[in-house]
Amino acid sequence: MSALRILAIALLCIYVLIGLAIYLLQESLIFLPESLPDNYEYSFNKDFEEHSLIMKDGAVINALYFKLQDSRGLIVYFHGNAGNLARWGEVAEPFVDLGYEVLISDYRGYGKSTGSRSEKKLLSDAEEIYNFAKKLEREERIVIFGRSLGSAFASCLSSKNNPNKLILETPFYSLTDVARKLFPIYPAAWLLNYRFENHKYLRQTTAPIFIFHGNEDEIVPYESGQKLYEAVEEQATLFAIDGGHHNDLAAFDSYWEHMKSVLIDE
């Protein structure tokens, strides 16, 4: 056997092994949960209630409801792919300062939340959370907010419901689109069990859409968010945060100037 043929076979084996690893490890690549004991006590600077929501299959989704008298409305917030509510609960506080109540929840396996994950189950959970939100506030005063991974649940919900508006922070066109950019030599559409096709959801959304994306995002490329915007640009507004990365948009004054224009000035 020639050396060239041996090299070709070796490279093929490496290619297949890496592809197999991507397929088998995709759950741990997409989701980065941190669990919390059931007796963990949250502590924040704003008034809140803790809720345990029972899903259709018996899974428990832990949620925090930041309350406010005489609010402008309710933000239903879906967070990113890492951590849990002990950290993510803090993102609610500046929105409370803007006059909004906030309902934010963990995903299955995150914090105190339980249950096995699948795309279908996660999207179903989001619908149950939204149904709970409609018990707290009239739907015409509800804002759906999705950050990073959370943009999938926010986008899907907005396609099936009638919120006041939809806000997406560092969203992706689809999870397949992101995977293609990270692993360009692999057939991402075949490897992924999670597709989260935001562009399809948004095309069925009637609410105004506002997209915030840093132009130096190293996790979800700005181009992916821009591509998503271009799919629905007639009803969407894109706020490009100059110099913004994936996890620091709230540190930019321009981010809050635009956010206030969306939540207060409109």
Kirkwood-type radius of the stretch 198-266, with distances r between different C-alpha atoms, in Å: 12.5
For residue 212, residues with placed amide H under 5 Å, excluding near neighbours: 168, 169, 170, 239
Dipole of the chain, positive direction: furthest Cα of 59, 40, 206, with charges on the beta-carbon: 59
Candidates 162, 39, 62: whichever shows maximal mean-square fluctuation once the chain is modelled as a Gaussian network with Cα springs under 10 Å: 39
Scattering profile of the stretch 71-196 at q = 0.13 Å⁻¹ [log10 I(q)/I(0), Debye over alpha-carbon scatterers]: -0.54
Inter-label distance for residue 138 and residue 195, nm, one decimal - labels placed 7 Å from Cα along Cα-to-Cβ: 3.8
In Hz, Karplus ³J(HN,Hα) per residue of the stretch 113-129 (6.51, -1.76, 1.60; θ = phi - 60°; x = Gly, Pro): 6, 10, x, 7, 9, 7, 4, 5, 5, 5, 5, 5, 4, 4, 5, 5, 5
Magnitude of the charge dipole, the chain, Cβ model with Lys/Arg +1 and Asp/Glu -1, debye to 20: 1140
Cross-link pairs 67/260; 135/200; 135/227; 200/227; 112/200; 56/112 - those with Cα-Cα distance over 23 Å: 135/200; 135/227; 112/200
Highest to lowest packing among 118-124, 164-170, scored as the average C-beta count within 10 Å: 164-170, 118-124
Two-site FRET efficiency, residue 118 against residue 69, from Cβ-Cβ distance with R₀ of 51 Å, rounded to 0.05: 0.85
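Read-outs: derived from the displayed coordinates by stated rules, not from any lab. Model, not experiment: these values are computed from the prediction. Don't worry about glycine lacking a Cβ; one is built from the backbone with ideal geometry, like all the others, and counts go over all protein chains shown.
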